[in-house]
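Enquirer: Following this message is one structure expressed as structure tokens.
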Amino acid sequence: MIKQSADIHVELAKIQKDIQSHLGLDVNSMIFNYTELDGKIKLDLITINPRHNQSFLFHSVTTYEKLDALKEMLEYVQNYREKESPYTIQWTAKSDKELHTSYFRAKDVYEALDKLYYGRDMQTITVFSVVLNPLT
């Protein structure tokens, strides 16, 4: 039983590394946040932008097992550019007033804004523009 447990952790680490590699992000720029809800596992992949030191939701998946959640996340990461629209959001944090530009992939403008506001009070960020970019 212990060996199986060790193997699952190795597999989880391998898939996380595959996701990191596919996105081209530093290991310190990604957080795999697991929560359990109603017997299911929700995985939120959070990215951290080192330029302005802010975190954003990249994508969420909900399954019954951690391994399945990571596999679904890897599949999403490998295909999201073909399935979702590109958005550019210009915003400032109330604390610094500098204008920032962030890029998101989402099914619609509401999802792009949800990714921007993930895990924070909406009053802490002022959004100046949300633009649907042309598909390239």
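Enquirer: Can you tell me the length gained on complete extension of the stretch VAL127 to ASP18, counting 0.36 nm per residue apart and subtracting the Cα distance?
Expert: Fully extending the segment from VAL127 to ASP18 adds 36.0 nm.
Enquirer: Multiply the residue separation of VAL10 and ASP26 by 0.36 nm, subtract the distance between their alpha-carbon atoms, and state the gained length in nm to one decimal.
Expert: Gain on stretching VAL10 to ASP26: 3.8 nm.
Enquirer: Once phi is turned into θ = phi - 60°, what whole-Hz ³J(HN,Hα) does the Karplus curve with 6.51, -1.76 and 1.60 give for every residue of segment 32-43, x standing for Gly and Pro?
Expert: 9, 9, 9, 9, 9, 9, 6, x, 10, 9, 10, 10
Enquirer: What does the helix-only formula give at 222 nm for the chain: each DSSP H stretch with n ≥ 4 adding -39500 (n - 2.57), the total divided by the residues, and the result rounded to the nearest 500 deg cm²/dmol?
Expert: Calculated at 222 nm, the ellipticity per residue is -12000 deg cm²/dmol.
Enquirer: Okay, moving on. Just one of [x] 40, 21, 11; [y] 31, 14, 12; [z] 29, 16, 14 is semi-axes √(5λ) of the Cα gyration tensor in Å calculated from these coordinates, so which is it?
Expert: [z]
Enquirer: Right, something else. Between their Cα atoms, which of LYS40/LYS94; LYS42/LYS97; LYS14/LYS40; LYS17/LYS115; LYS17/LYS97; LYS66/LYS94 are more than 25 Å away from each other? Display every interim value, and only then the final one.
Expert: On the way: LYS40/LYS94 36 Å; LYS42/LYS97 33 Å; LYS14/LYS40 22 Å; LYS17/LYS115 22 Å; LYS17/LYS97 35 Å; LYS66/LYS94 36 Å.
As for pairs spanning more than 25 Å Cα to Cα, those are LYS40/LYS94; LYS42/LYS97; LYS17/LYS97; LYS66/LYS94.
Enquirer: Show the residues, 5+ positions off or on another chain, whose built amide H is closer than 5 Å to the amide H of ILE41.
Expert: THR63, TYR64, GLU65
Enquirer: Ok, one more. For segment 84-136, just say rounded, prolate or oblate: build the C-alpha gyration tensor, square-root its eigenvalues into a ≥ b ≥ c, call rounded for a/c under 1.5, and beyond that prolate if a/b exceeds b/c, oblate if not.
Expert: oblate
Enquirer: Also: Angle check, please: helix 2-23 long axis (alpha carbons) against the longest principal axis of the chain (alpha carbons), in degrees 0 to 90, nearest 10.
Expert: 30 degrees
Enquirer: Test of understanding: ordering VAL131, VAL61 by Cβ neighbours within 10 Å, fewest first, what list do you get? Walk me through the numbers before you get to the answer.
Expert: Values: VAL131 13, VAL61 18.
If I rank by nearby Cβ atoms, fewest first, I get VAL131, VAL61.
FYI, it's all coordinate maths here, none of it is from the lab. Predicted, not measured: the structure shown is a model, and the values here were computed from it. Using ideal geometry, Cβ is built from the backbone for each residue, glycine included, and neighbour counts are taken over all protein chains shown.
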